[in-house]
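Asker: Pasting a structure here, questions to come.
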Amino acid sequence: MLPPGLPVPLALLIVSLAVTIIVALRYVLTSGLFALATARMRPGLYAGRGKQIAREIRWSLLSAAIYGAPAGIVLWGWRHHDWTLITADWAALSAWYHPLSVLIYLAVQDTCFYWSHRWMHQPKWFRLAHAVHHDSRPPTAWTAMSFHPIEAVTGAIVVPVLVFLVPIHVAMLGLVLTIATVMGVTNHMGWEMFPRWLVHSPLGNWLITASHHERHHEEYKCNFGLYFRVWDRLCGTDKGLSRRIVAEAGHSREAIVS
Ligand SMILES: [Zn+2]
Ligand SMILES: [Zn+2]
């Protein structure tokens, strides 16, 4: 990947910068795509929000560097020293384990997010680390990575640590990162893209989509989860879905407080 004989600090710097650029491009392309979809599906939803969106993009690009640095170091260690449990050999892991590995990564990310998120909602930590994210009122497709650096660090270290503990095929890791990116963007874009039959199904009742996370941005003290409603339900912090989003999507009112 890099020329041999390159001093290690320089190699780490180059790889971290490259991954930062990839994370930034991934953010701009994904948020841009869903912002375009928003303009088509909900014309005017982001009208007059130019200043907010510019601020969200600035914080998100700073977050890209915070996500890029540890990911770059881990990528370098994987390619050059075989440090991690990432494999490029599909047959090295059982067929049944591949989907399980995705679920484990998502569940651990979700657990870390839930508890660090609740911690950041204590008044002292909120002002310091989390107010930036809630400055987006209401959020947009560009809010996905709009974090204060302290909050960005709590999100950036989970997957780089997990790849040392839980084996995963590189394609499944790509799937985890894709799910993280798409859900991060769409959960903030201000409208529900998933169909009613899924959102209000027995499975949908355990998943977090825009209808659920929007209510966190409306009321602050509930709906702290990332992908799943398990921790919110167990800890009594699940308040159901955003009335505005459910009403706009034409979903039934009974489902709002399910
Ligand atoms: Zn949010
Ligand atoms: Zn919050």
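Here, each number is a calculation from the coordinates, and none is a lab measurement. Because the structure is predicted, anything quoted here is derived from the model rather than measured. Cβ: placed from backbone, ideal geometry, glycine included. Neighbour counts: every protein chain shown.
Asker: Select from segment 35-68 the residues that are surrounded by 20 or more Cβ atoms within 10 Å (Cβ to Cβ) and hydrophobic (A, V, I, L, M, F, W, C) and write down the one among them that is farthest from residue 137 (Cα to Cα).
Answerer: Checked segment 35-68; the qualifying residue farthest from residue 137 (Cα to Cα) is 66.
Asker: While we're on this one: Of the residues that make up segment 132-139, is at least one among the charged types (D, E, K, R) and within 13 Å of ligand 1 (Cβ to nearest atom)?
Answerer: The answer is yes; a qualifying residue exists.
Asker: Next question, about the same structure. Go through segment 136-147 and report how many residues are within 11 Å of ligand 2 (Cβ to nearest atom) and surrounded by fewer than 23 Cβ atoms within 10 Å (Cβ to Cβ).
Answerer: Matching residues across segment 136-147 total 1.
Asker: Something else now. Count, please, the residues in segment 98-129 that happen to be out of contact with any helix residue (DSSP H, G or I) (no Cβ under 9 Å at 6 or more places or on another chain) and of a type in the set (Phe, Trp, Tyr).
Answerer: Total satisfying the criteria: 0.
Asker: Cβ-Cβ distance below 7 Å, separation of 6 or more or different chains: which pairs start in segment 113-135 with a residue that is under 18 Å from residue 214 (Cβ atoms) and among the small types (Gly, Ala, Ser) and end on one that is within 11 Å of ligand 2 (Cβ to nearest atom) and not in a helix (DSSP H, G or I)?
Answerer: If the second residue must be within 11 Å of ligand 2 (Cβ to nearest atom) and not in a helix (DSSP H, G or I), no pairs are left.
Asker: Taking helices (runs of 4 or more DSSP H) that fall entirely within segment 164-258, which contain at least 2 residues that are within 16 Å of ligand 2 (Cβ to nearest atom) and surrounded by fewer than 19 Cβ atoms within 10 Å (Cβ to Cβ)? Please lay out each step first, then the result.
Answerer: Numbers: elements: 170-186, 196-199, 210-219, 230-234, 243-248.
In segment 164-258, 210-219 are the helices (runs of 4 or more DSSP H) which contain 2 or more residues that are within 16 Å of ligand 2 (Cβ to nearest atom) and surrounded by fewer than 19 Cβ atoms within 10 Å (Cβ to Cβ).
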